[in-house]
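One structure is given below, encoded as structure tokens.
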Amino acid sequence: VFKDFQKPEEKIIAESLVLSNQGARGERAAALEIKALTARNPEKLLEAAEEYKKSYYPVEAFIAALAATSLGFQADSEIFAKGIKFLSSLDAYYPRFELDPLYGDFLKKISPFLKNISQGQVKIRAFLIGEFRVVVNGDPISLHLWEERRAILALIYILLDHKHRIPEDYLCELLWPNKWPRGSKYQRLLRARRNTIVSIIRKHLGDRERKLLIRKGDFYQLEDVWTDLGEIENLMRLADAVRDPAEKEELLARARELAKGELLPEFPYDSHIDEYRQYYNRLRKRLFGDNQT
């Protein structure tokens, strides 16, 4: 992978590191990647990939992990297996890089490993466009059997966020707007109601060990999630990054296929969902122009 890699001047590297380290998490991940690349350190490259993924930069995460996997392969180290596992969680991206002059040949070699491992990698698949559907570990969830509509709404609110998380207080505000007066007594009741909603979600997701819907600081967050809305965003972002017109059109065609329906049409009068509906319609306008179908 690195046979044609030319190391930049030390001054450029130093200036890039200073700028990256002053930025947010994604930029700091870039600094870590720069250091790892110049040192040819696969362990640190995989760390950078993980930081990119946590910062919601999946393309950058894939590239850093691919470089780490290649170095791990050359050194016959355990990083190769770890890199394969990491790359498989981003399997939607690797077909696009098989034609890449730097990474393509190596990616074709490891492609069978990725295809074998990636099956069933994502635990939660949520379809927000058209009919709302949720699949957990390959099994569809019967939403009509849920005993509390607010639990379905809470799940939707978390799924809509691009990080699939929501502050606990904001969740209460969305589910019970202006319902509870101030005061510790009412706040305890509100928290109890919220905890009941969370328990219902976990029960129907089969999340007995609380590994799918987790509490992270003041947030509730879903883990191992794919949504069709998120996939559209990723495909459009990837299309913006590629130079080949045919590749770009292929990516946009896949995004258009996913974007043919309306966002959560079963919930037409929810103001929070409507904010995302307006955002989704802007994405559709970019994809279809004024001829949205």
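Consider region 153-176. How many of its residues are among the hydrophobic types (A, V, I, L, M, F, W, C) and either modelled with pLDDT under 95 or under 12 Å from F219 (Cα atoms) (or both)?
7
How many residues does region 49-78 contain that are part of a loop (DSSP other than H, G, I, E, B), under 26 Å from H162 (Cβ atoms) and open to solvent by 70 Å² or more (accessible area, probe 1.4 Å)?
2
Scanning for something open to solvent by less than 40 Å² (accessible area, probe 1.4 Å), of a type outside the set (G, A, S), modelled with pLDDT of 90 or more and in contact with a strand residue (DSSP E or B) (Cβ under 6 Å, 6 or more places away or on another chain), does region 144-152 turn up at least one residue?
Within region 144-152, not a single residue is open to solvent by less than 40 Å² (accessible area, probe 1.4 Å), of a type outside the set (G, A, S), modelled with pLDDT of 90 or more and in contact with a strand residue (DSSP E or B) (Cβ under 6 Å, 6 or more places away or on another chain).
Matching residues to (1) modelled with pLDDT under 95; (2) of a type outside the set (G, A, S):
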site: R194; (1), (2): yes, yes
site: K211; (1), (2): yes, yes
site: D224; (1), (2): yes, yes
site: L235; (1), (2): yes, yes
site: E249; (1), (2): yes, yes
site: A255; (1), (2): yes, no
site: L263; (1), (2): no, yes
site: E266; (1), (2): yes, yes
site: N281; (1), (2): no, yes
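Show the residue pairs meeting these rules: Cβ distance below 8 Å; 6+ apart or different chains; first residue within region 236-250 and of a type in the set (V, I, T); second residue assigned to a helix (DSSP H, G or I) and at pLDDT 85 or above.
Listed pairs, sorted by first residue: V242/K248; V242/L251.
For the condition at pLDDT 70 or above, surrounded by 16 or more Cβ atoms within 10 Å (Cβ to Cβ) and closer than 21 Å to D224 by Cβ, what is the one hit in F132, F97?
Just a single option satisfies the conditions, and that option is F132.
Quick check on this structure: which one of L153, L189 is in contact with a Phe, Trp or Tyr (Cβ under 9 Å, 6 or more places away or on another chain) and free of Cβ contacts under 8 Å to residues at least 12 places away in the same chain?
L189
Anything in region 38-56 that is at pLDDT below 85 and either under 16 Å from the mean Cα position of the chain (by Cα) or within 17 Å of F86 (Cβ to Cβ) (or both)? List them, or say none.
Across region 38-56, the qualifying residues are K54, S55, Y56.
Looking at region 33-48 only, could you name the residues that are of a type in the set (S, T, N, Q) and assigned to a helix (DSSP H, G or I)?
T38
The values are calculated or read from the model by the stated rules, or taken from the named source; none is laboratory data. Nothing here was measured: the structure is a model prediction, and the numbers come from that model. In this analysis, Cβ positions are derived from the backbone assuming ideal geometry, glycine residues included, and neighbour counts consider all displayed protein chains. Surface accessibility is based on the protein's heavy atoms, side chains included, excluding ligands, DNA and RNA. Shrake-Rupley method; radii C 1.70, N 1.55, O 1.52, S 1.80 Å.
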